[in-house]
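The values are calculated or read from the model by the stated rules, or taken from the named source; none is laboratory data. Only a predicted model underlies this, so the values are computations on that prediction, with no experimental measurement involved. Cβ placement follows ideal geometry from the backbone for every residue including glycine, while neighbour counts extend to all protein chains displayed.
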């Protein structure tokens, strides 16, 4: 399989200017009940994706984005795809299922894995990137460790950073590591999806590349027509 720059986790940058250390005012303090509710939602929908190839294994992250009576869809990053591999998706309950089918949108770095398990809680609500500061909740997946659910105040979006090999992604001040690809990022205030982590900068691991939720749902709506 051809491996080009669009498939690597670490990303090439076109940087107009690194963000200043002087950040805007932090987001308003969240009500504990709202944050707890959003965290519980994220913990229920987040999944671990093990990619089992004949010669290589790797791990990614994802979330249940759709569920019907007899099947569900786990969403993750398309660069987690490996030709001929099997995809084992582990739910928050500990149950694990192999994907029976998949769909990829490589230009967006987005992939849907269909599972033979229905009736799951799904994260379907989404929102545009907030204009001002907000609290992000996301999943950090370090290889060999349980999923970590991180609460990270985001003073602003780093619009001045562009990813040369990932033009649809925006930069957020979220720490990331290999294995976190495909992790959902939600707003802690309301539990709505903001985007999906697709990579990080080698020299600046505290800067993550995130595909906006609006882009994801645009392709899903178009695919359903």
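Kindly provide the set of residues from region 91-108 that are over 19 Å from residue 56 (Cα atoms), assigned to a strand (DSSP E or B) and in contact with a strand residue (DSSP E or B) (Cβ under 6 Å, 6 or more places away or on another chain), ordered by number. Answer for region 91-108, where residues must be over 19 Å from residue 56 (Cα atoms), assigned to a strand (DSSP E or B) and in contact with a strand residue (DSSP E or B) (Cβ under 6 Å, 6 or more places away or on another chain): 96, 97, 101, 102, 103, 104.
Residue count for region 52-100 satisfying the condition of being in contact with a helix residue (DSSP H, G or I) (Cβ under 6 Å, 6 or more places away or on another chain) and surrounded by fewer than 22 Cβ atoms within 10 Å (Cβ to Cβ): 1. Here residue 187 clears all of (1) surrounded by 24 or more Cβ atoms within 10 Å (Cβ to Cβ); (2) more than 21 Å from residue 36 (Cα to Cα) except the condition numbered (2). Restricting attention to region 66-74, does a residue exist that is more than 16 Å from the chain's Cα centre (by Cα), part of a strand (DSSP E or B) and within 30 Å of residue 164 (Cβ to Cβ)? For region 66-74, residues more than 16 Å from the chain's Cα centre (by Cα), part of a strand (DSSP E or B) and within 30 Å of residue 164 (Cβ to Cβ): absent. A count restricted to region 170-184 and to residues that are more than 15 Å from residue 155 (Cβ to Cβ) and buried (at least 24 other Cβ atoms within 10 Å of the Cβ) stands at 6. The residue list 206, 164 contains one member that is without any contact (Cβ under 8 Å) to a residue 40 or more places away in the chain and surrounded by fewer than 24 Cβ atoms within 10 Å (Cβ to Cβ), which is 206. Within region 106-117, being in contact with a helix residue (DSSP H, G or I) (Cβ under 7 Å, 6 or more places away or on another chain) and surrounded by fewer than 17 Cβ atoms within 10 Å (Cβ to Cβ) holds for one residue alone: 106.
For the condition part of a strand (DSSP E or B) and either under 17 Å from the mean Cα position of the chain (by Cα) or touching a residue at least 12 places away in the same chain (Cβ under 8 Å) (or both), what is the one hit in 112, 122? Sole residue among the options that is part of a strand (DSSP E or B) and either under 17 Å from the mean Cα position of the chain (by Cα) or touching a residue at least 12 places away in the same chain (Cβ under 8 Å) (or both): 112. Can you name the number of the only condition in (1) more than 22 Å from residue 165 (Cα to Cα); (2) in contact with a strand residue (DSSP E or B) (Cβ under 6 Å, 6 or more places away or on another chain); (3) at pLDDT below 95 that residue 9 fails? Of (1) more than 22 Å from residue 165 (Cα to Cα); (2) in contact with a strand residue (DSSP E or B) (Cβ under 6 Å, 6 or more places away or on another chain); (3) at pLDDT below 95, only one is false for residue 9: (1).
Taken over region 125-146, the criterion of being touching a residue at least 60 places away in the same chain (Cβ under 8 Å) and farther than 17 Å from residue 208 by Cα is satisfied by 125, 126, 127, 128, 132, 143.
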